[in-house]
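The block underneath contains the structure these notes are about, expressed in structure tokens.
The values are calculated or read from the model by the stated rules, or taken from the named source; none is laboratory data. In this text the structure is predicted, and so the values were computed from the model without any measurement. A quick note on method: Cβ atoms are made from the backbone with ideal geometry, for glycine too, and the neighbour counts reach across all protein chains shown.
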Amino acid sequence: MIILFWILIFVLLYSYLLYPLLVGFLAIIVGKNRKELHIPDEKDMPTITLLVTAYNEEAVVDAKIKNSLELKYPSEKLKLLWVTDGSDDDTPNKVSGYNEVTLMHSEERRGKIHAMNRAAQSVETEIIVFCDANTYLTEDTLLQIAKHFQNDKVGCVAGEKQIFKDGDTAAGAGEGLYWKYESWLKRLDYKFNTTLGAAGELFAVRRELYQPVESDTVLDDFIISLRIASKGYIVAYEPKAIAREYPSFSVSEEMKRKIRIAAGGFQSIGRLKKLLNPFNNARLTFQFVSHKIFRWLVCPLALLLLIPIHAMVIYFNPEIPLYAYLGIAHAFIYVLAVFGWLFEKSKLNLSFIYLPYYFIITNIAQLQGFMRYLKKSQSVNWERARRAR
């Protein structure tokens with residue numbers, strides 16, 4: 001029982017603390033030599049299509065297109081393409097009002113990945129930059145992305161996701177802290193070998209490397225980027241290419257998104273099973289198992305099992321006070337999470353209670369997503385989470 005207890009503790013510590021420290025150490029010892037890159041001269045910049053997939057996003061169309069038109073990039077080398085399949089609000093009409101934007105629209109709603117595949121087939125530029133309608137890019141984002149494609153070994157570039165107003169609500173505080181942590185980990189992964197997946201809010205691929213993925217794919221960004229990595233190309237990480245969005249309106253809205261991502265994560269394990277073979281790419285296998293599989297599957301189960309196992313260890317080993325002290329600390333985390341739930345709708349900046357709350361609900365979402373995956377009940381149609389703005 002005691003051995004199992006410490007195994008569970010190790011699993012949790014490894015996933016969230018020891019792996020980042022280990023991969024950071026390995027990056028120093030045996031990491032890739034990432035030379036400082038400079039923005040290329042205008043004549044050497046690749047042609048880019050900024051592809052936005054949108055479903056019923058009429059509220060953000062004007063702001064998003066304004067943001068896109070303000071990006072620093074040679075106008076003759078940049079195309080703006082929106083695909084609004086299935087939208088039954090005013091999104092297509094609003095987009096069609098901009099001469100600078102090419103619109104693709106179908107009345108049928110078949111999911112984001114079908115829209116992406118359909119639009120990507122029409123792209124003629126060298127690079128496709130995928131971006132969500134509700135994210136806003138810093139003005140030099142495309143320039144920062146373009147510099148990486150000077151290296152022929154780079155097949156994909158992942159940008160950095162940031163959250164606006166990350167301290168105002170439980171969802172905002174938790175989501176903001178999570179993405180700061182995840183961005184730090186992406187930097188370490190990239191220095192060691194390659195970035196482990198890209199976030200759909202902002203990522204770029206070479207057009208010739210884009211391959212349509214299965215129509216029922218949930219995590220299109222993750223599958224696309226890691227299939228490119230599995231071919232031996234680098235997935236670069238560029239922290240200066242920034243996509244910002246507002247947090248989910250509430251934790252319950254964030255849960256909706258997390259459950260969908262979890263279900264897609266388990267689906268992607270099967271579709272990326274080649275990455276589980278260390279003889280193909282040992283470094284990538286190590287990253288995939290440590291960064292994703294542990295986080296998606298092993299940690300939620302460990303967190304669930306730790307409650308009864310810890311209680312039994314305390315009960316059967318009263319002579320060892322260490323386990324009782326750890327039990328108090330264990331219980332305190334859940335007490336903070338309960339307070340996070342109670343103060344969820346407040347505007348108080350209480351990150352120290354929102355973080356445990358967000359951590360617990362994230363792992364609950366993983367378990368719910370796993371059940372949804374087993375039942376094959378996850379729709380490919382995007383279930384939009386309400387945003388704070």
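A few comments on the model shown:
- Filter result (in a loop (DSSP other than H, G, I, E, B) and either touching a Cys at 6+ places or on another chain (Cβ under 8 Å) or crowded, with 21+ Cβ neighbours inside 10 Å (or both)) within region 211-238: 217, 218, 219, 233
- Restricting region 1-50 to residues that are of a type in the set (Phe, Trp, Tyr) and within 27 Å of the chain's Cα centre (by Cα), the residue that is nearest to residue 147 (Cα to Cα): 25
- Complete set of residues in region 242-258 that are surrounded by 22 or more Cβ atoms within 10 Å (Cβ to Cβ) and more than 16 Å from residue 134 (Cα to Cα): 251, 258
- Condition met for residue 293 (in contact with a Phe, Trp or Tyr (Cβ under 9 Å, 6 or more places away or on another chain) and either over 25 Å from residue 187 (Cα atoms) or aliphatic (A, V, I, L, M) (or both)): no
- For region 98-118, the criterion of being hydroxyl-bearing (Ser, Thr, Tyr), surrounded by fewer than 16 Cβ atoms within 10 Å (Cβ to Cβ) and over 26 Å from residue 261 (Cβ atoms) is met by no residue.
- Annotation note: of 295, 271, 283, 260, the sole residue that is under 26 Å from the mean Cα position of the chain (by Cα) and without any contact (Cβ under 8 Å) to a residue 60 or more places away in the chain is 271.
- The residue pairs whose first member lies in region 20-41 and is surrounded by 13 or more Cβ atoms within 10 Å (Cβ to Cβ), whose second member is in a loop (DSSP other than H, G, I, E, B) and among the hydroxyl-bearing types (Ser, Thr, Tyr), and whose beta carbons are closer than 9 Å, counting only pairs six or more residues apart or on different chains, are 32/194.
- Looking across region 187-210, the residues that are in contact with a strand residue (DSSP E or B) (Cβ under 8 Å, 6 or more places away or on another chain) and assigned to a loop (DSSP other than H, G, I, E, B) come down to 194, 195, 196, 197, 198, 199, 200, 201, 210.
- Looking across region 272-287, the residues that are more than 14 Å from residue 228 (Cβ to Cβ) and in a helix (DSSP H, G or I) come down to 273, 276, 282, 283, 285, 286, 287.
- Within this structure, residue 52 fails the test of being touching a helix residue (DSSP H, G or I) at 6+ places or on another chain (Cβ under 9 Å) and part of a helix (DSSP H, G or I).
- The residues listed here are 180, 240, 147; of these, the one that is among the basic types (Lys, Arg) and under 23 Å from residue 21 (Cβ atoms) is 180.
- Residues being small (Gly, Ala, Ser) and either touching a helix residue (DSSP H, G or I) at 6+ places or on another chain (Cβ under 8 Å) or not in a loop (DSSP other than H, G, I, E, B) (or both) - total across region 87-120: 5
- Filter result (touching a Pro at 6+ places or on another chain (Cβ under 9 Å), among the hydrophobic types (A, V, I, L, M, F, W, C) and either part of a strand (DSSP E or B) or under 16 Å from residue 52 (Cβ atoms) (or both)) within region 146-165: 163
- The residues of region 62-82 that are part of a helix (DSSP H, G or I), crowded, with 19+ Cβ neighbours inside 10 Å and not hydroxyl-bearing (Ser, Thr, Tyr), listed by number, are 64, 65.
- Condition check for residue 123: in contact (Cβ under 8 Å) with a residue 12 or more places away in the chain, crowded, with 16+ Cβ neighbours inside 10 Å and either touching a Pro at 6+ places or on another chain (Cβ under 6 Å) or in a helix (DSSP H, G or I) (or both): no
- Selection within region 166-196 - small (Gly, Ala, Ser) and modelled with pLDDT of 90 or more: 183
- Filter result (in contact with a helix residue (DSSP H, G or I) (Cβ under 7 Å, 6 or more places away or on another chain) and either closer than 10 Å to residue 237 by Cβ or without any contact (Cβ under 8 Å) to a residue 12 or more places away in the chain (or both)) within region 188-202: 188, 189, 191, 194, 195, 196, 198
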